[in-house]
1. Given the structure, is Ile528 hydrophobic (A, V, I, L, M, F, W, C) and within 16 Å of the ligand (Cβ to nearest atom)?
2. Looking only at helices (runs of 4 or more DSSP H) that fall completely inside segment 407-525, which ones have 2 or more residues that are farther than 30 Å from His352 by Cα and more than 16 Å from the ligand (Cβ to nearest atom)?
3. Taking the criterion of being within 16 Å of the ligand (Cβ to nearest atom) and either at pLDDT 95 or above or under 30 Å from Leu236 (Cβ atoms) (or both), would at least one residue in segment 2-20 satisfy it?
4. Would you be able to tell me the number of residues in segment 583-605 that are closer than 25 Å to Glu506 by Cα, of a type outside the set (Lys, Arg) and surrounded by fewer than 18 Cβ atoms within 10 Å (Cβ to Cβ)?
5. If you go through segment 310-326 one residue at a time, how many are outside any strand (DSSP E or B), crowded, with 24+ Cβ neighbours inside 10 Å and at pLDDT 95 or above?
6. Condition test on Tyr564, is it more than 16 Å from the ligand (Cβ to nearest atom), in contact (Cβ under 8 Å) with a residue 24 or more places away in the chain, part of a helix (DSSP H, G or I) and farther than 14 Å from Asp479 by Cβ?
7. Quick one: Lys138 ticks every box in (1) buried (at least 17 other Cβ atoms within 10 Å of the Cβ); (2) under 30 Å from Arg521 (Cα atoms) except a single one, so which number is it?
8. Here is a check on your reading of the model: is Val382 of a type in the set (Val, Ile, Thr) and surrounded by fewer than 17 Cβ atoms within 10 Å (Cβ to Cβ)?
Amino acid sequence: MKWYILFLSAFLTLYSCTSNTPEEISDPEEEFAWEIDRFADVRILRYQVPGFDRLTLDQKKLVYYLTQAGLAGRDIMYDMNYRHNLEIRKVLEAIILNYEGDKSVDAWQDFMTYAKRVWFASGIHHHYSMQKFKPGFKVAYFDSLCDAAGVSISDDAKKAIFDPSYDNKKVNLDPSRDLLLASAVNFYAPDVSAQEASDFYTQKSQHDGPEPVSHGLNSRLVKDTNGELIEEVYSLNGKYGDAIAQIISWLEKAVSVAENQPQAEALRLLIEYYKTGDLVTWDAYNVAWVKATEGDIDYINGFVEVYNDPLGFKGSYENIVEITDFEASARMQVLSENAQWFEDNSPIMEEHKKPNVIGVSYKVVNVAGESGDASPSTPIGVNLPNANWIRSKHGSKSVSLGNIINAYDKASGPGLTQEFAHDQEEIDRAKKYGEIADKLSTALHEVIGHASGQIEPGVGSPSETLKNYRSTLEEARADIIALYYILDPKIVELGLLPSIDAGKAEYDSFISNGLLKQLRRLSPGEDIEESHMRNRQLIAAWAYEKGKDDEVIVQVERDGKIYYDIRDYQKLRLIFGELLREIQRIKSQGDYDACRELVETYAVKVDPAVHQQVLDRTRVLDIPPYGGFVNPKLVPDKDQNDNITDIRITYPDSFIKQMLEYSEHYSFL
Ligand code: ZN
């Protein structure tokens, strides 16, 4: 699983942490341009890689090879998102490279915006709302561009661009439709229905033992000529084989400079898996990867997260290369070591507490390169592997992407906090503690939140019992555990926050986000669908209602604008504790009805007037709701025998250039 910056508690923080001040970076920090492009609802940022120059040459090579392996698979994600994406991207790029007509006209700007959106989303559907992009230019103009650039496009791909009713949603979770037939995502052939696919995989999992493979993770499900379902497996000699061959060759180089045996062993298993497509090998790799914790360099590579599949079987291709941030990780270690204390002191029912919480390994890392599902839109944290039996038997790795979070913070002005904060005290607190509180709440969410609690004997897994509400409930559970503990004196005692006031900063931003700020991500008339957004409104709205009589949180109206003022932080904490207990009970007992009631009552509906007000108030701030990144470029220096003598890191300043460069060098499908 992974987590994203969904809504920035935007404030400028003066960064004093020396471990993150990269003195070796050539641009002095004050001149470093964090934001380099804006289009549609997106801004493109850059991140720095502190610590890279302190690595040994072999470590730099390892980072380089792993990022190259990642980029080699970039095309796969386009194809997974939608079957016409690669063709469309290639046509758009050919036009950009070859068209020599008038580029000052609006239509050309609209065309470029469309192309950038396609790069950003690795396809023609919005990365977040899943809606297909509407081109701002006419078919005739597009035809004239194709003619002038000397490229042609298939009728189907053209229809995909221009016909708004055709494959209009990448992932459609509308329960009244067939989840697969209504979704454009390419993990299944267009004629495979949700029923057929789930029957297929139910059949496959019938004989599962206690350590089941992740059925369907690395394949596309199609029908053969007799109408029988078969899997096209992603492997060296199977689907995506040409890209996978490139990935393998870079991974083999990576093995040669691995930092230690366990790391090399894991990489070998990953190569083996790419060669065979064998899911048993994938699990063996994950076990080896979880155990390889000694190095300074780590990575995520493979077909991993299943969010893009409406049925949750198919993994999206992704790659993230990471360098440990040791100082920050040491702070998080403290949380892991105290996991049992948090479990024992939780307000949940005794029978729902784990007698032995398995320590979740949690690190803060700095990203050196990303690809596939993780780029340009990136998570800010990741917890893997996903297979439950591996997690409980061997543990998992949880990382927070420190330099990404830092870049977001640096690129954000104080506008949003100022607009939605009830008073100056809140603004001051956000300035002083917002960043550190935010980081700690993310750590609490992952390390303590997801690890906590147990299911009652005889109750099925949440995907069986809570069905479509399970992610909302699970994210709510992890968030509320973080909220409950961030105001605990224990946190200050452990040295994780300088003062209990820092926890209050998190309460301020959570409530105003859950009830107001995040609404700007929705178009007028939309319900909340995304699980994290649902969970945030659920918690904030529930707490507001429960504390209404005691004026725990008070709604204030000033100059026609709504604000929320928390009047009693300790009482709010108890309310969070109460909700935590109930949410854990729902999960532990698999209480679907209570779960649906909770989510549908608090998490889904939006007051249209409040929503419009939020849109009006944020529009003037002019901050795009989504952010993504160009990657730094790693440039090897070579001697006359072609041996790498050093690797330099540079920070590209053009999104267009990087996307074109990637397509030029890493187009293998
Ligand atoms: Zn989570």
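The values are calculated or read from the model by the stated rules, or taken from the named source; none is laboratory data. Keep in mind it's a predicted model, so treat the numbers as computed, not measured. Note that each Cβ is placed from the backbone with ideal geometry, even for glycine, and that neighbours are counted across all protein chains shown.
1. no
2. 415-420, 424-443, 500-515
3. Yes.
4. 2
5. Qualifying residue count, segment 310-326: 2.
6. So Tyr564 does not fit the description; no.
7. Going through the list (1) buried (at least 17 other Cβ atoms within 10 Å of the Cβ); (2) under 30 Å from Arg521 (Cα atoms), Lys138 breaks only (1).
8. It is false that Val382 is of a type in the set (Val, Ile, Thr) and surrounded by fewer than 17 Cβ atoms within 10 Å (Cβ to Cβ).
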